[in-house]
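Notes follow once the structure below has been shown.
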Amino acid sequence: MLCPWRDTDFRPTTLRRRAGRPQLKRDPLDGAASHRSHLHKDMSLGARHMAYVFLGVILAFSVLSTVYLWRNDFAKETLDVIFPAIGAIVLSLYLGFKIVRIDAPSSRHSRIPVAVLLDRTTGMLRSMAEPVATDPIEHLSEFAGLRELDTLPLYNAFAQLRLTDRLRVASDGDTSAADTVLLDLVEYAILQWLAMPANSIGYTDFGSIHLLQSGGGGGGQTVALQPATVQQPEDESNPLLKQRPVSIPLPRGARVVRTSPGRQRTIEVRTHRSHLIITLALRAGCVFDGATSPAAVTLRKRLRLPQRTPSLWTAAFMVDVETGQSAFTRFSKQAKVESEWLEHIHAQFAVDFSWDRLRSRLASSQ
């Protein structure tokens, strides 16, 4: 049994500051960003011209070589002229194959533990990341994904699902129904997190300013996106998605599909150039009552929990994030933009969901 209050071997990926709410759709000063945009356009135009010239040379060589050999009756002496050129072409083809296939980067994987607190008597779910008045301003934007779980069961759209009632578990009762609801809720929180503008492809953060009692920032999109509604099979559906569908801003032609094999949830996002696969699995948990670690002591104070909490259960999940790109198109401008997005997903997921990070924050807040 995995107890999230004990030390684990999992470590979050490299952290990165969370982007602010989008406000602007261009560089506010029309400065370096605009210059880089023009520079990329010039470089792309030059590369396109080089490709056309190279293609023209290949076609000219093929035609002239064929005419030359035919007019000379394919004599042996003519091959001494043609063979070196053919060798150069074969070498170029090999180098192209090496760059596209042999040197193609493998998919990137990261594993992030997630934990939530459930009162099995009342059915109340808590993220353990709820902010308090004494938190530093720069910490308030962290754990945005986890904090969705504090309010999801209260949505009017989910009232008929009776999520709180289904999360209640008798002392000797079956936990399978509550486990399914927990998986549905955490999966829905991840989908909502992916739909945030700051986590979308091509989002540019213009920076944030933290003042004495508040902060602000902005950002904007650099690529055209359109909403892609999450698709799911009828026999493996998440009831929360049926009641309140989620759409993720993605490039044209992209798809989002989720499945739920057993005690797992899989979210697969595919564009023409990249893929993102998030796998969520419930890994049991442990009773919160009796926990004496520094993080548990701090949490009791922050949430104002009584000393005896026999009904509180810490549910532990493991999230695997896999990303990769098409080997053939990974050098295109769109692929480079999506590569930055994939890097952001790995880093920001740890900032917004990682139990290891939250536990460290709680332990250092004593």
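The values are calculated or read from the model by the stated rules, or taken from the named source; none is laboratory data. Because the structure is a prediction, the values reported are computed rather than measured. All Cβ positions, glycine included, derive from the backbone under ideal geometry; neighbour counts span all protein chains shown.
Miscellaneous remarks
- Just one residue in the set Ala157, Ala129 is closer than 18 Å to Ala189 by Cα and modelled with pLDDT under 90; that residue is Ala129.
- Flag if Leu117 is surrounded by 12 or more Cβ atoms within 10 Å (Cβ to Cβ), hydrophobic (A, V, I, L, M, F, W, C) and either in the same structural domain as Glu187 (by TED's automatic domain parsing) or part of a strand (DSSP E or B) (or both): yes
Here's the yes/no breakdown for (1) part of a helix (DSSP H, G or I); (2) crowded, with 21+ Cβ neighbours inside 10 Å; (3) touching a Ser or Thr at 6+ places or on another chain (Cβ under 7 Å):
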site	(1), (2), (3)
Ala129	no, yes, no
Leu146	yes, yes, yes
Ala159	yes, no, no
Asp174	no, no, no
Thr180	yes, no, no
Asp184	yes, yes, no
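- Condition check for Ser141: touching a His at 6+ places or on another chain (Cβ under 9 Å), in contact (Cβ under 8 Å) with a residue 40 or more places away in the chain and among the hydroxyl-bearing types (Ser, Thr, Tyr): no
- Boolean, Ser110 is under 18 Å from Ala295 (Cα atoms) and among the polar types (S, T, N, Q): no
Yes/no per residue for (1) among the hydrophobic types (A, V, I, L, M, F, W, C); (2) within 26 Å of the chain's Cα centre (by Cα):
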| site | (1), (2) |
| --- | --- |
| Val132 | yes, no |
| Leu140 | yes, yes |
| Leu163 | yes, no |
| Arg166 | no, no |
| Ser171 | no, no |
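- One residue alone among Ala284, Ala224 is in a strand (DSSP E or B), surrounded by fewer than 17 Cβ atoms within 10 Å (Cβ to Cβ), touching a residue at least 24 places away in the same chain (Cβ under 8 Å) and out of contact with any Phe, Trp or Tyr (no Cβ under 8 Å at 6 or more places or on another chain), and that residue is Ala284.
- Single match in Asp320, Asp289 (criterion: touching a Ser or Thr at 6+ places or on another chain (Cβ under 7 Å), surrounded by fewer than 19 Cβ atoms within 10 Å (Cβ to Cβ), of a type outside the set (Val, Ile, Thr) and without any contact (Cβ under 8 Å) to a residue 40 or more places away in the chain): Asp289
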